């Protein structure tokens with residue numbers, strides 16, 4: 001054991017964001033169990049008008065990466081609509097933390113599961129149990145179903161039993177289910193082999209306008225928004241015309257004395273991660289609403 | 001800043017005197033003890049002197065009963081495999097569920113090769129089930145191997161009694177004394193133990209040197225087959241700097257043995273009692289009397305061990321944990337599970353292991369930092385006295401059992 005963690009993961013472990021019980025939560029998801037070594041309770045609160053998640057908090061029993069994954073996830077979901085939040089994969093959580101050690105990937109999977117459980121609770125969906133997805137239990141030590149194993153294999157393109165254990169814990173106890181995991185793995189790999197990956201379009205390396213917009217959205221989502229939200233602010237992407245990115249600053253940011261400073265910082269971020277030709281134009285807040 | 005090192009059951013600092021003693025053999029005195037010329041041959045005397053120093057620490061009848069090896073694991077493997085080969089008509093091996101992997105992994109390997117292996121259990125205090133052990137003994141038993149002291153909890157086993165029990169059925173008795181040597185008095189002259197394994201780096205010698213004591217007259221089959229070294233009992237050119245270091249460390253340990261029993265024990269108790277006074281919902285793992293003087297294994301309920309270790313590391317304190325996240329597997333310590341420590345405590349276990357180089361100031365620093373660290377993690381945890389850990393096994397609709405040993 002050592003500090004095999006990225007600086008960002010360490011930061012989220014040492015200074016976890018949004019810890020605690022959310023008294024007025026719309027949804028609460030509980031996953032994991034102490035017997036299995038980690039447990040997570042995730043709370044979300046949404047704005048009924050916009051459908052966006054306004055608050056998210058967590059409580060974790062677990063190791064450094066389990067705490068950091070949950071902390072990261074709260075930052076990632078705040079400001080998103082529930083549908084957007086549900087599209088977050090465990091890999092997104094890992095990427096947000098600049099990576100999670102392979103053998104700890106199950107921590108990120110637990111984060112995603114807790115979010116899904118919280119949303120399900122909010123929507124009043126009946127789940128068989130908070131801790132388990134439907135399906136047949138394959139790993140009895142950690143209560144892992146075939147559905148969960150299949151999903152982890154597909155979403156993360158896993159190829160070995162060891163990886164499946166890293167991502168789901170399945171097979172990490174007594175080990176008797178490893179043959180069954182291998183069968184599932186072979187079945188999914190066989191399917192994947194039969195469906196060859198689509199050929200990349202010619203000139204795919206070029207930064208098309210479509211790709212640029214996607215990249216800008218991603219940068220704002222993962223790099224810019226979390227920082228602004230820490231200070232009670234937020235950002236709306238309004239439009240992209242060529243290299244001009246139109247955004248609105250909302251919340252505390254809108255009237256903030258340091259808005260000019262913030263604008264420069266956002267532009268630097270976009271230039272660094274998208275294209276060095278990006279120029280930021282700040283629209284008055286509310287413009288985003290007007291456009292809808 | 002110098003770290004506060006409370007992980008001496010993992011490894012220890014090389015004592016300055018030990019380093020001094022070994023350095024000439026890394027510099028100018030590099031001769032091979034098997035050489036005919038004086039430059040090499042003289043080195044053989046230093047090797048023999050180290051053998052005498054170690055024999056003295058163990059109270060061995062003769063230095064020839066000491067065999068130098070590369071580590072504790074090699075000693076353990078050599079002893080057990082030797083007995084099984086020397087008594088090949090006996091196909092049973094008896095050990096415990098709380099051994100070090102050096103023995104447990106070998107047991108697993110032997111099982112696959114067709115040997116009958118019995119792993120005797122322990123009670124909630126980590127004490128060995130002697131009734132179970134007695135029942136397992138039979139004329140088929142080749143060797144009984146039980147650690148002298150457990151590395152995780154420090155619990156000390158009644159090796160003399162166990163050795164006599166093994167002899168009643170004509171079996172050999174080996175003890176993995178890696179954690180005991182230098183910490184508790186050992187007098188093999190007045191003992192029934194046939195073989196004993198030890199490791200240099202647990203008693204302030206460097207890594208890469210170990211030893212196996214083989215009582216004179218014990219049937220022995222070598223593990224490493226090669227040259228005539230170690231009286232044909234272990235091939236391979238001697239690790240001279242390591243052997244000299246182990247000799248020096250043994251002599252130091254002999255001089256400091258009383259200190260381990262008094263000063264180190266006092267520091268350990270200061271730490272353990274301080275933790276129990278300052279932090280609620282803590283238990284001590286392992287029998288509090290029948291224990292090494294330097295080890296304290298405590299569990300903090302509602303929190304996880306790796307997280308504790310990382311926060312301790314932040315303030316320069318080194319310890320270790322039996323939590324799943326630090327065991328290199330997904331399951332908590334096999335020792336704590338064998339003892340039946342509930343999962344909620346097993347995952348939050350921390351082992352502090354002291355040495356004579358620790359000070360009262362260091363212990364007080366730990367006592368100042370630790371309550372804050374535990375409180376901080378408990379704040380993040382969904383569990384507390386008000387929200388106890390649910391009984392997973394009772395409520396689990398999927399029927400998952402939780403990890404088993």
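The numbers here are math on the coordinates, done by the rules we state, and not lab data. Since this is a predicted model, take the numbers as computed values, not measurements. Note that we place each Cβ from the backbone using ideal geometry, even for glycine, and neighbour counts take in every protein chain shown.
Rounding to the nearest 10 and keeping the result within 0 to 90°, find how far the Cα-based axis of helix B:360-380 lies from the longest principal axis of chain B.
That works out to roughly 40 degrees.
As a test of the definition: which semi-axes, in Å, follow for the range B:170-216 when you take the square root of five times each eigenvalue of its alpha carbon gyration tensor? Largest first, please. Before the final figure, lay out the partial values.
Details: eigenvalues 86, 28, 13 Å².
So the three semi-axes of the range B:170-216 are 21, 12, 8 Å.
Taking square-rooted eigenvalues a ≥ b ≥ c of the alpha carbon gyration tensor, is the range B:1-80 rounded, prolate or oblate, where a/c under 1.5 means rounded and, failing that, a/b exceeding b/c means prolate? Walk me through the numbers before you get to the answer.
Details: a/c = 2.07, a/b = 1.27, b/c = 1.63.
Judged from the Cα gyration tensor, the range B:1-80 comes out oblate (a/c at least 1.5, b/c at or above a/b).
Report the extension gain between residue A:211 and residue A:147 in nm, rounded to one decimal, defined as 0.36 nm multiplied by the number of residues separating them, less their alpha carbon distance. Don't skip to the end; give the middle numbers.
Details: separation 64, 0.36 × 64 = 23.04 nm, distance 3.26 nm.
Additional length available on full extension: 19.8 nm.
If I take R0 = 25 Å and measure r between the Cβ atoms of residue B:266 and residue B:56 in this structure, what FRET efficiency does the formula 1/(1 + (r/R0)^6) give, to the nearest 0.05? Write out the running numbers ahead of the final one.
Values: r = 26 Å, r/R0 = 1.06.
It comes to 0.40.
Enter the mean projected area of the convex hull around the alpha-carbon atoms of chain A, in nm², rounded to one decimal.
Mean projected area of the Cα convex hull: 17.4 nm².
Between residue A:192 and residue A:283, how high is the FRET efficiency from 1/(1 + (r/R0)^6) when r is the Cβ-Cβ distance and R₀ = 56 Å? Nearest 0.05.
Working: r = 44 Å, r/R0 = 0.79.
Computed FRET efficiency for residue A:192 and residue A:283: 0.80.
Please tell me the relative contact order of the range A:11-135 in percent, rounded to the nearest whole number, where contacts are Cα pairs under 8 Å and at least six residues apart.
Numbers: 232 pairs, mean separation 37.5, N = 125.
Relative contact order for the range A:11-135 comes out at 30 percent.
Starting from the alpha-carbon convex hull of the range B:333-376, give the projected area averaged over all orientations, in nm². Show your work: numbers first, answer last.
On the way: hull surface 16.7 nm².
Spelled out: convex hull of the Cα atoms, projected over all directions, averaged, 4.2 nm².
Mind checking which of B:37, B:334, B:167 has the largest fluctuation in a GNM of chain B, springs on alpha carbons under 10 Å?
It is B:37.
Percent relative contact order of chain B, based on C-alpha pairs within less than 8 angstrom and at least six residues apart? Show your work: numbers first, answer last.
On the way: 806 pairs, mean separation 84.7, N = 405.
Relative contact order here is 21 percent.
Computed over the Cα atoms of the range B:135-288, what is the convex hull's projected area averaged over all directions, in nm²? It would help to have the intermediate numbers written out before the result.
Working: hull surface 47.4 nm².
Value for the range B:135-288: 11.8 nm².
Take the Cα coordinates of the range A:79-181, assign each an equal point scatterer, and use the Debye formula without solvent to give log10 I(q)/I(0) at q = 0.10, 0.13, 0.17, 0.20 Å⁻¹.
So the normalised log intensities are -0.28, -0.47, -0.79, -1.05.
Contact order normalised by length for the range B:281-332, with contacts defined as Cα pairs under 8 Å and 6 or more residues apart; what percent is it? Before the final figure, lay out the partial values.
Details: 43 pairs, mean separation 13.4, N = 52.
Computed over the range B:281-332, the figure is 26 percent.
Looking only at chain A, where both bridge partners belong to it, what percent of the DSSP beta bridges are antiparallel (to the nearest 5)? Walk me through the numbers on the way to the answer.
Numbers: 27 of 33 bridges.
Once the DSSP bridges in chain A are tallied, antiparallel ones form about 80 percent.
Please identify, among A:110, A:76, A:122, the residue showing maximal mean-square fluctuation in a Gaussian network model of chain A using a 10 angstrom Cα cutoff.
A:122
Report the antiparallel proportion of the DSSP beta bridges in chain B as a percent, rounded to a multiple of 5.
Values: 22 of 40 bridges.
Taking every DSSP beta bridge within chain B, about 55 percent pair in antiparallel fashion.
As a check on your grasp of the helix formula, calculate [θ] at 222 nm for chain A: sum -39500 (n - 2.57) over DSSP H runs of n ≥ 4, divide by the residue count, round to the nearest 500. Mind dumping the intermediate values first?
On the way: 12 runs with 125 residues, N = 292.
Here the helix-only value at 222 nm equals -12500 deg cm²/dmol.
Between the range A:1-69 and the range B:212-266, what's the alpha-carbon centroid distance in Å?
51 Å
Springs between alpha-carbon pairs under 10 angstrom, Gaussian network model over chain B: which of B:359, B:141, B:73 fluctuates most?
Largest GNM mean-square fluctuation: B:359.
How far apart, in nanometres, would the label points at residue B:13 and residue B:364 be if each is projected 7 angstrom from Cα along the Cα-to-Cβ direction?
Calculated label separation equals 1.9 nm.
Given that compact globular proteins tend to follow 2.2 N^0.38 Å, what is the ratio of the alpha-carbon Rg of the range A:6-75 to that value? Don't skip to the end; give the middle numbers.
Working: Rg = 12.6 Å, N = 70, 2.2 N^0.38 = 11.1 Å.
In units of the 2.2 N^0.38 Å rule of thumb, it is 1.14.
Tell me, A:141, B:318 in order of fewest to most beta-carbon neighbours within 10 Å? Write down the numbers at each step before the final one.
Working: A:141 23, B:318 16.
The order, fewest Cβ neighbours first, is B:318, A:141.
Show log10 I(q)/I(0) for the range B:244-376 at q = 0.10, 0.11, 0.12, 0.19 Å⁻¹, two decimals, from a solvent-free Debye sum over equal Cα scatterers.
Results for the range B:244-376 at q = 0.10, 0.11, 0.12, 0.19 Å⁻¹ read -0.34, -0.41, -0.49, -1.09.
Roughly how crowded by other chains is peptide A:53-65, in terms of the mean Cβ count from those chains within 10 Å of each of its Cβ atoms?
Values: counts 0, 0, 0, 0, 0, 2, 7, 7, 14, 12, 13, 8, 4.
Partner-chain Cβ atoms within 10 Å, mean over residues of A:53-65: 5.
Within a 10 angstrom radius of each residue's Cβ in A:28-34, how many Cβ atoms of other chains show up on average? Whole number is fine. Before the final figure, lay out the partial values.
Working: counts 0, 0, 2, 0, 2, 11, 18.
Across A:28-34, the average partner-chain Cβ count within 10 Å equals 5.
Bin width 20 Å, alpha-carbon pairs only: give the P(r) of the protein assembly as shown as whole percents, running from 0 to the bin holding the largest distance.
With a bin width of 20 Å, the distribution comes to 16, 40, 30, 13, 1.
Using helices alone, I'd like the mean residue ellipticity at 222 nm for chain B: each DSSP H run of four-plus residues gives -39500 (n - 2.57), total over residue count, nearest 500. Could you put the intermediate results ahead of the total?
On the way: 14 runs with 158 residues, N = 405.
One gets -12000 deg cm²/dmol as the mean residue ellipticity at 222 nm.
Sorting A:103, A:7 on the 10 Å Cβ count, fewest up front, what's the list? Don't jump to the answer; show the numbers that get you there.
Working: A:103 19, A:7 10.
Arranged by neighbour count, lowest to highest, A:103, A:7 become A:7, A:103.
Note the angle between two axes, namely the Cα long axis of helix A:259-273 and the longest principal axis of the Cα atoms of chain A, as a number of degrees from 0 to 90, rounded to the nearest 10.
Tilt of helix A:259-273: around 50 degrees.
Considering only C-alpha atoms, what is the centroid distance from the range B:362-384 to the range B:283-349, in Å?
Computed from Cα coordinates, the inter-centre distance equals 14 Å.
How big is the gap, in Å, between the Cα center of the range B:147-165 and the Cα center of the range B:7-86?
What the calculation gives is 24 Å, centre to centre.
Rank the residues A:183, A:23 as a footprinting-exposure proxy: fewest other Cβ atoms within 10 Å of their Cβ go first. List each step's numbers first, then the result.
Values: A:183 13, A:23 8.
By the 10 Å Cβ count, ascending: A:23, A:183.
Specify, per residue and in Å³, the volume enclosed by the convex hull of the alpha carbon atoms belonging to the range B:154-196. All intermediate terms of the calculation are to be shown ahead of the outcome.
Values: hull volume 3.0 nm³, N = 43.
Taking the convex hull of the Cα positions in the range B:154-196, it is 70 Å³ per residue.
If you count the DSSP beta bridges with both ends in the protein assembly as shown, what percent of them are antiparallel, to the nearest 5?
Details: 49 of 73 bridges.
DSSP beta bridges in the protein assembly as shown are roughly 65 percent antiparallel.
Over all distinct Cα pairs, what is the inverse of the mean 1/r for the range A:1-138, reported as the Kirkwood hydrodynamic radius in Å? Could you put the intermediate results ahead of the total?
Working: mean 1/r = 0.0674 Å⁻¹.
Hydrodynamic radius (Kirkwood, Cα pairs) of the range A:1-138 is 14.8 Å.
Quick check on chain B: take the gyration tensor over C-alpha atoms, sort the square-rooted eigenvalues as a ≥ b ≥ c, and tell me if it's rounded (a/c under 1.5), prolate or oblate.
Judged from the Cα gyration tensor, chain B comes out oblate (a/c at least 1.5, b/c at or above a/b).
Report, to two decimal places, the Cα Rg of the range B:73-113 normalised by 2.2 N^0.38 Å (N = number of residues). Write down the numbers at each step before the final one.
Numbers: Rg = 9.8 Å, N = 41, 2.2 N^0.38 = 9.0 Å.
Taking the Cα Rg and dividing by 2.2 N^0.38 Å, one obtains 1.09.
Run the quick spin-label model on residue B:273 and residue B:386: label points 7 Å from Cα toward the beta carbon, then report their separation in nm to one decimal.
So the two model labels end up 3.4 nm from each other.
From other protein chains only, count the Cβ atoms within 10 Å of every residue's Cβ in B:341-349, then give the mean.
Details: counts 0, 2, 5, 4, 1, 3, 8, 2, 0.
The per-residue average across the peptide is 3.
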